[in-house]
Amino acid sequence: MTNELHNFEIEAPRSLKTALLRGWRRRCPSCGSGPLLRDYLTVRDCCPVCSEELYHHRADDGPAWATIMISGHLLAPLMLLVFELFRPEGWMMAIGFSIMFLLLALYLLPRLKGAFVAVQWAKRMHGFGDDIDSAFNE
C-alpha cells in the first residue's frame, strides 16, 4: 500500500475563488473561456475549448434550493417595506412580487448552477480529479 501511495502524485490545488467567478459567469471552471452550460441549465459533457470533462458534476437540487433561499431573503423584507410604505392592494402585491421572484429566479438559477459545478471542480469532488482514495482502490 505504501508503494501505491509513493507512486501517487497529488495535483496542484485549484483556486476556489477563480472557479466560482468562472462558474457564476457560466464559463468552464478550468479555462474560463468555454461555455459551461448548453441550453439553459444543461451542463456540457466537456468544455469545447479545453476539453475538461464536466459530466462528473452532482449539482442536483442545490442550485434550486439556493435560488429560493436567496430570492426569499431578498424579496421578503422588500414586500414588508412596500406594504408598509404604499399599502397596495393584495392582488397588486401578489402579481408584482410573483413577477419579481420569477425574474430573479431565472437570473440566479443558471449562475448558481455554474457556481455549484465550479466548487465541485475546484475541490476535485465527484470525479473532477484524482483523489487519494483511488490510489488505495487499485
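Each reported figure results from applying straightforward, stated rules to the coordinates on display, with no laboratory input. Keep in mind that this is a model prediction, so the values were computed, not measured. Don't worry about glycine lacking a Cβ; one is built from the backbone with ideal geometry, like all the others, and counts go over all protein chains shown.
Given the options Glu53, Glu89, Glu11, which has the most mean-square fluctuation in a GNM of the chain, springs set between C-alpha atoms less than 10 angstrom apart? Comparing Glu53, Glu89, Glu11 in the GNM, the peak value goes to Glu89. The charge dipole of the range 19-138, taken about its Cα centre with unit charges on the Cβ atoms of Lys, Arg (+1), Asp and Glu (-1) only, comes to about 480 debye.
For Arg27, the residues whose amide H sits under 5 Å from its own are Leu36, ignoring neighbours fewer than 5 places away on the same chain, with H placed 1.01 Å from N.
Shown for the chain are the DSSP H helices of 15 Å or more along their axis, judged by Cα atoms, with a mean Kyte-Doolittle hydropathy of at least -1.0: 62-86, 90-122. Using the rule -39500 (n - 2.57) for each DSSP H run of four or more residues, divided by the residues of the chain, the 222 nm mean residue ellipticity is -19000 deg cm²/dmol.
Cα-based values for the chain, radius of gyration first and Dmax second, are 20.4, 73 Å. Among Met69, Met100, Met92, the largest mean-square fluctuation in a Gaussian network model of the chain, built with springs joining Cα atoms closer than 10 Å, belongs to Met92.
Isolated cysteines in the chain, defined as those with no second cysteine Cβ under 4.7 Å, comprise Cys46. Only Cα pairs within less than 10 Å get springs; with that Gaussian network setup on the chain, which residue of Gly32, Gly96, Gly62 has the largest fluctuation? So, out of Gly32, Gly96, Gly62, the one fluctuating most is Gly96.
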